[in-house]
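Notes follow the structure.
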Amino acid sequence: MNKPRETFGSRIGMLLAMAGSAIGLGNIWRFPYTLGQNGGAAFLLLYVIMLVIICLPVMISEYLLGRRGASNPFRTFDNLAPGSKWRWIGSVAVLASACILSFYCVVGGWSFKYLFEACTGGLMSYQGSYADFFGAFISNPWKPLLYTLLFLGLTGLIIAFGVRKGIERMSKIMITLLFVIIVLVVIRSLSLPGAGQGVRYMFVPDFSKVTANTCVAAMGQAFFSLSIGCGCILTYASYVHKDENIAASSGWIAFFDTSFAVIAGLAIIPAVYAIAQMNGVDPDVSAGPGLVFITLPGVFKSMPLGGVAALLFFLALMLAAITSAISLMEVVVAYVIEELKRSRLHAVLICFLLCGGVGVFCSLSFGPLDGFKLFGLSVFDFFDYITSNIMLPVGGLLLAVFAGWRLKRANYLDELTNGGKLNIPRWLCLTIYYLVKFVAPLAILLIFINCILS
Ligand code: TRP
């Protein structure tokens with residue numbers, strides 16, 4: 001138990017692991033349909049604003065606290081504010097990660113199934129409507145459970161190899177492959193006749209669709225996509241060397257993540273527009289969670305080389321999902337290893353059983369349990385909603401308050417500049433600090449209040 005704590009092996013490995021955490025289903029599955037439901041370009045604009053004034057400062061703080069505390073979320077807060085109640089907030093963060101993983105692995109399982117079907121040719125040769133295909137699969141009482149558990153098992157297997165040999169190595173391979181694949185799919189999508197309309201939808205804003213809920217959706221999406229607010233970045237940061245430039249790495253990760261969301265949007269939305277135009281129907285990009293699993297297979301089927309595009313696309317979806325699931329599981333695993341004093345393998349097993357158990361309920365809420373509601377939402381939607389739209393922003397708020405008010409200003413700036421060694425302009429450090437101290441917490445509060453009142 002007294003082995004030295006593991007660290008990432010190289011800077012690029014660390015960046016790709018963090019980018020792997022950020023880039024995931026959030027970018028490829030959730031972003032395009034949330035964009036579609038909230039009016040396209042106007043949402044994108046709001047998203048970027050949220051990212052810069054709220055999420056990036058929170059991310060820098062989570063990173064900074066993680067590296068300074070050098071432990072799991074619970075112990076980190078205890079190290080930084082010994083004996084205070086803050087460590088319980090660390091434990092809630094661990095719980096939030098477990099909740100996210102529980103519904104995340106269900107969608108990961110769906111991607112697995114689609115990848116499998118795309119490989120065997122079953123997806124493209126299917127004759128009925130894809131809504132039926134998807135509906136029949138997710139409501140089946142046992143098939144989706146199998147894929148969910150397979151997905152979770154694969155994630156656990158990678159984590160069992162440890163930080164360098166498992167997480168870092170697999171993230172490096174998977175994220176590189178992911179970029180190559182998605183670029184190929186974008187080229188295919190943009191080269192379809194009529195794709196331009198979809199591009200316009202993504203980049204020309206229509207503000208009439210913006211409401212208080214759009215703001216919450218944009219904020220929730222930004223938190224979810226950057227993996228902040230529940231100890232994920234904090235846990236990865238605890239494996240980062242002391243000489244790393246936190247502001248620069250956070251900036252890069254946010255940049256990769258946002259570019260990837262836009263790229264994934266470009267892979268999907270223009271293709272949906274082009275094929276709708278070809279078939280003489282209205283494009284529907286607000287199809288919700290079914291966009292990727294119902295609309296898209298139909299789009300692939302209608303286009304030349306669609307089978308290859310489908311295979312590549314679902315491979316990308318699967319790779320993206322796994323690298324993110326790894327980061328979620330690692331939060332829980334690090335906690336179990338360090339606080340409950342278990343071996344890594346044992347911790348992985350505990351996490352598999354816990355999240356797999358809840359995941360089974362999330363998955364069943366599309367089938368046998370679909371009549372069962374929590375606060376009017378299905379089990380799956382409930383976990384998605386309370387984590388992304390409530391727990392993550394509240395987690396982010398608390399992280400910002402801790403970093404801005406509990407940590408001394410000198411310590412914050414010291415950690416940001418590695419004891420003054422890094423040449424970061426002072427105005428930039430101070431801007432980040434004040435964004436964290438005042439702007440981010442206030443903005444999060446205002447958005448919540450506005451949403452409750454409206
Ligand atoms: N960011 C990932 C995605 O976009 C999901 C994810 C991984 C996540 N770790 C997280 C979301 C922590 C919230 C918090 O798919």
Original post:
Among the residues of segment 192-221, which ones are in a loop (DSSP other than H, G, I, E, B) and loosely packed, with under 14 Cβ neighbours inside 10 Å?
Top reply: PRO193, VAL204, ASP206
Original post:
Can you name the residue in segment 287-316 that is within 16 Å of the ligand (Cβ to nearest atom) and either under 19 Å from GLY135 (Cα atoms) or free of Cβ contacts under 8 Å to residues at least 24 places away in the same chain (or both) and, of all such residues, is most open to solvent (accessible area, probe 1.4 Å)?
Top reply: PRO289
Original post:
GLY395 is checked against (1) out of contact with any Cys (no Cβ under 7 Å at 6 or more places or on another chain); (2) touching a residue at least 12 places away in the same chain (Cβ under 8 Å); (3) among the small types (Gly, Ala, Ser) and fails just one. What number does that condition carry?
Top reply: (1)
Subject >> The one condition in (1) open to solvent by 10 Å² or more (accessible area, probe 1.4 Å); (2) more than 16 Å from the ligand (Cβ to nearest atom) that GLY13 fails to fulfil >> reply: (1)
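Okay, residues lined up against (1) more than 16 Å from the ligand (Cβ to nearest atom); (2) at positive phi; (3) in contact with a Pro (Cβ under 8 Å, 6 or more places away or on another chain):
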{"residue": "TYR33", "(1), (2), (3)": "no, no, yes"}
{"residue": "ALA42", "(1), (2), (3)": "yes, no, yes"}
{"residue": "LEU45", "(1), (2), (3)": "yes, no, yes"}
{"residue": "LEU51", "(1), (2), (3)": "no, no, no"}
{"residue": "CYS55", "(1), (2), (3)": "no, no, no"}
{"residue": "ASN79", "(1), (2), (3)": "yes, no, no"}
Subject >> Among the candidates THR176, THR155, residue that is among the β-branched types (Val, Ile, Thr), surrounded by fewer than 19 Cβ atoms within 10 Å (Cβ to Cβ) and either in contact (Cβ under 8 Å) with a residue 60 or more places away in the chain or under 30 Å from VAL379 (Cα atoms) (or both) >> reply: THR176
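Let's see how each residue does on (1) at pLDDT 95 or above; (2) of a type in the set (Gly, Ala, Ser):
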site: ILE275; (1), (2): no, no
site: ASN279; (1), (2): no, no
site: SER286; (1), (2): no, yes
site: GLY306; (1), (2): no, yes
site: VAL333; (1), (2): yes, no
Original post:
Got a sec? Which of MET202, MET219 is within 16 Å of the ligand (Cβ to nearest atom) and touching a residue at least 24 places away in the same chain (Cβ under 8 Å)?
Top reply: MET219
Original post:
Restricting to helices (runs of 4 or more DSSP H) lying wholly in segment 376-454: which have 2 or more residues that are hydroxyl-bearing (Ser, Thr, Tyr)?
Top reply: 426-434
Original post:
Which one of these is farther than 19 Å from ALA93 by Cβ, surrounded by fewer than 24 Cβ atoms within 10 Å (Cβ to Cβ) and over 21 Å from the mean Cα position of the chain (by Cα): LEU340, LEU349?
Top reply: LEU349
Original post:
Among the helices (runs of 4 or more DSSP H) contained in segment 27-131, which hold 1 or more residues that are open to solvent by 30 Å² or more (accessible area, probe 1.4 Å) and within 24 Å of ARG5 (Cβ to Cβ)?
Top reply: 56-69, 73-80, 86-120
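Quick grid of which residues meet (1) of a type in the set (Val, Ile, Thr); (2) more than 19 Å from ALA136 (Cα to Cα):
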position: VAL262; (1), (2): yes, yes
position: LEU266; (1), (2): no, yes
position: PRO270; (1), (2): no, yes
position: MET278; (1), (2): no, yes
position: VAL285; (1), (2): yes, yes
position: GLY288; (1), (2): no, no
position: LEU291; (1), (2): no, no
position: PRO304; (1), (2): no, yes
Subject >> Tally of residues being touching a residue at least 24 places away in the same chain (Cβ under 8 Å) and open to solvent by 40 Å² or more (accessible area, probe 1.4 Å) across segment 180-191 >> reply: 4
Subject >> Where THR323 falls short, out of the listed (1) assigned to a loop (DSSP other than H, G, I, E, B); (2) touching a Leu at 6+ places or on another chain (Cβ under 9 Å); (3) closer than 30 Å to PHE77 by Cβ; (4) of a type outside the set (A, V, I, L, M) >> reply: (1)
Original post:
Does at least one position in segment 355-366 carry a residue that is polar (S, T, N, Q), part of a helix (DSSP H, G or I) and open to solvent by less than 20 Å² (accessible area, probe 1.4 Å)?
Top reply: yes
**OP:** Would you check if there is a residue in segment 382-401 being among the charged types (D, E, K, R) and open to solvent by 60 Å² or more (accessible area, probe 1.4 Å)?
**Re:** no
Original post:
Does segment 237-270 hold any residues that are in contact with a Leu (Cβ under 6 Å, 6 or more places away or on another chain), among the small types (Gly, Ala, Ser) and not in a helix (DSSP H, G or I), and which are they?
Top reply: none
Original post:
Does at least one position in segment 222-236 carry a residue that is surrounded by fewer than 19 Cβ atoms within 10 Å (Cβ to Cβ), under 17 Å from the mean Cα position of the chain (by Cα), outside any loop (DSSP other than H, G, I, E, B) and modelled with pLDDT under 95?
Top reply: no
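The values are calculated or read from the model by the stated rules, or taken from the named source; none is laboratory data. Fair warning: this is a prediction, and the values are worked out from it, not measured in the lab. Methodologically, a virtual Cβ is constructed for each residue, glycine included, from the backbone with ideal geometry; neighbour enumeration extends over all protein chains shown. Ligands, DNA and RNA are stripped out before the accessible areas are found, and what is left, the full protein with its side chains, is counted by its heavy atoms. Shrake-Rupley method; radii C 1.70, N 1.55, O 1.52, S 1.80 Å.
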